[in-house]
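The values are calculated or read from the model by the stated rules, or taken from the named source; none is laboratory data. Everything quoted here is computed from the prediction, not taken from an experiment. Don't worry about glycine lacking a Cβ; one is built from the backbone with ideal geometry, like all the others, and counts go over all protein chains shown.
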Amino acid sequence: MKPRIIIDKNAVLGKVEPEVFGSFVEHLGRCVYNGIYEPDHPLADERGFRKDVIAAIADLHVPVLRYPGGNFVSGYDWKDTIGPNRRTVLDLAWKALESNEVGIDEFAYFAEQVGSEVMMAVNLATDTIKSAHEIVEYCNLEDKGYWANLRKEHGREKPYKFRYWCLGNEMDGPWQIGTKTAEEYGIIATEAAKVMKWVDPSIKVIACGSSASANPTFPMWDREVLEKCFDVVDYLSLHHYFTYLTPEHDLGDFYGSAMTFDHYISTLQSTLEYVKAVKRSKKQIYFAVDEWNVWHAFDGSNKVVKDWELGLPLLENHYDFADAVVVATLLSTLINHADIVKMACFAQLVNVIAPILTEKGGCLVKQTIYYPISMISKAFAGTDALRTFSSIKKYETKSHGAAPEIYNSVSYNKETGEYIVLLVNTSQENKDIELIFDQDVELISSDVYQCDDPHQKNTLENPFAIIPSKETIEDKSKNRTHSVELGLNAIKVLIFK
Ligand code: AHR
């Protein structure tokens, strides 16, 4: 018998907030310099940002951009990045040079060009609480005080009104400049958030959770930080990256990665519920999964090419079709946690573990992972994720426990009356699946991204090797049951009405 998914539009899990399809721009490698910003490029705009990159980002539908780091933020001095005089400094996080040519005002301009909000991070590792409330003054206040007036002097009359503020980055990690214990971090994060909100009570703040489920302090870190910061924070930040965990790069195992992601989110949701119970509180804190992606280091791309240089390649992954499949399953997992995950940022946007790869002075390529992000964000943002029942078989993996042969997410758009279905075939064979709806519906569109060869890539030489296509719909009848065919490694987004 074919596997089945039972779909009921009233079984709402939670809204898929558009912010779940956010991204991340860090001053790292060629993400900013020689990535989004390349003033000598023939397609650079009057402020030095590449127009072809801006156009490619538009189709990713990215509502929010986390900035400026990452590990970078723990050495960041925002006051070096504003006004006419910029100091060139060492970036200890990535052993690079930082010219500060792109600062707050330049990045805010770029974000406006791509239609995104900035999710700003403050440095709670080596900078002060005072500096954290002053940056909020600079960015968000109309005209009160020195910093807001300085922004106006720098040519930006209206405040940016950035809504989301990260309280540092990965403060649990020993690789971080100024790592802290959960207690130390809990105290500084609480105090910083308190005064930042005194300056602008409308902001939402995000506390650092564990930076990976493999960290020895997971999930105690999260419990303790939540206990300390509970009353002032709005989101807890989660980070997770995935790669092959078997020496032979077993595909079935890699395709099970999202099971670890799912377990990570569920464990932290339980941790949050525990703290809520201890506090006897009804306050709801949400999760910002503000770094997630596939990240391979086995190709040597994690190595700094040359110390103390500006804009050299670092963490540049050349993604294949298997990576696109895993990215689709990770997005499916985020959608299937729509009750608690209200923000997420795929890391990163350009060149650094990114869907867009640029050539200095030349073209760009939309990597394989670009397409599932684009297809899924366009279809699911703002809809209601549904809980479904399914009879999809699972298989055992070495690293991630039992994983489904077909990942799925289903949502409902109450404005248009459309059901949106994401199916990802990880079974390594062709599959048929049956969708059973709560009413008669017709298939109105079917976008497919599929490739038999999991190791096929889009490259600068062959940038359109694998692109999505729209399937012709033969059967336009309205039925409660629809059968869907899935080719090898297929990612499908279907809309029914
Ligand atoms: O995204 C690359 C790095 O991964 C970020 O700087 C850091 O936060 C994480 O460890």
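Brief remarks on what is shown
Here is a yes/no grid of residues against (1) away from the ligand (no atom under 16 Å from the Cβ); (2) under 30 Å from Phe72 (Cβ atoms); (3) within 24 Å of the chain's Cα centre (by Cα):
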residue	(1), (2), (3)
Tyr371	yes, yes, yes
Leu386	yes, no, yes
Ser391	yes, no, no
Ile420	yes, no, yes
Ser427	yes, no, no
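- When every residue of segment 103-121 is checked against the conditions, at least one turns out to be closer than 27 Å to Ile57 by Cβ, away from the ligand (no atom under 16 Å from the Cβ), in a loop (DSSP other than H, G, I, E, B) and in contact with a Leu (Cβ under 9 Å, 6 or more places away or on another chain).
- Residue list for segment 226-266, filter: among the β-branched types (Val, Ile, Thr) and more than 16 Å from the ligand (Cβ to nearest atom): Val232, Val233, Thr246, Thr260, Ile265
- Thr271 more than 24 Å from Gly22 (Cα to Cα) and either under 16 Å from the mean Cα position of the chain (by Cα) or assigned to a helix (DSSP H, G or I) (or both): yes
- So Asn293, is it surrounded by 15 or more Cβ atoms within 10 Å (Cβ to Cβ) and either outside any helix (DSSP H, G or I) or basic (Lys, Arg) (or both): yes
- For segment 169-193, a residue qualifies if it is within 13 Å of the ligand (Cβ to nearest atom) and at positive phi, and exactly one does: Glu170.
- Residue list for segment 1-45, filter: modelled with pLDDT under 95 and either within 16 Å of the ligand (Cβ to nearest atom) or not in a loop (DSSP other than H, G, I, E, B) (or both): none
- Applying the criterion of being within 11 Å of the ligand (Cβ to nearest atom) and assigned to a helix (DSSP H, G or I) to the residues of segment 56-98, the residue that is surrounded by the most Cβ atoms within 10 Å (Cβ to Cβ) is Val73.
- Leu330 vs. criteria at pLDDT 95 or above, out of contact with any Leu (no Cβ under 7 Å at 6 or more places or on another chain), within 16 Å of the ligand (Cβ to nearest atom) and under 18 Å from Ser399 (Cα atoms): yes
- Test set (1) touching a Pro at 6+ places or on another chain (Cβ under 8 Å); (2) within 15 Å of Ile7 (Cα to Cα) - Val448 fails condition number: (2)
- Residue match in segment 124-146 (condition: surrounded by 21 or more Cβ atoms within 10 Å (Cβ to Cβ), within 16 Å of the ligand (Cβ to nearest atom) and under 27 Å from Ala344 (Cβ atoms)): yes
- The set of residues from segment 319-354 being outside any helix (DSSP H, G or I), over 13 Å from the mean Cα position of the chain (by Cα) and within 22 Å of Ile406 (Cβ to Cβ) comprises Tyr319, Asp320, Asn336, His337, Ala338.
- Some residue of segment 230-242 being buried (at least 22 other Cβ atoms within 10 Å of the Cβ), under 20 Å from Ile187 (Cα atoms), modelled with pLDDT of 95 or more and polar (S, T, N, Q): yes
- Residue that is surrounded by the fewest Cβ atoms within 10 Å (Cβ to Cβ), among those in segment 356-386 that are of a type outside the set (Phe, Trp, Tyr) and in a helix (DSSP H, G or I): Lys378
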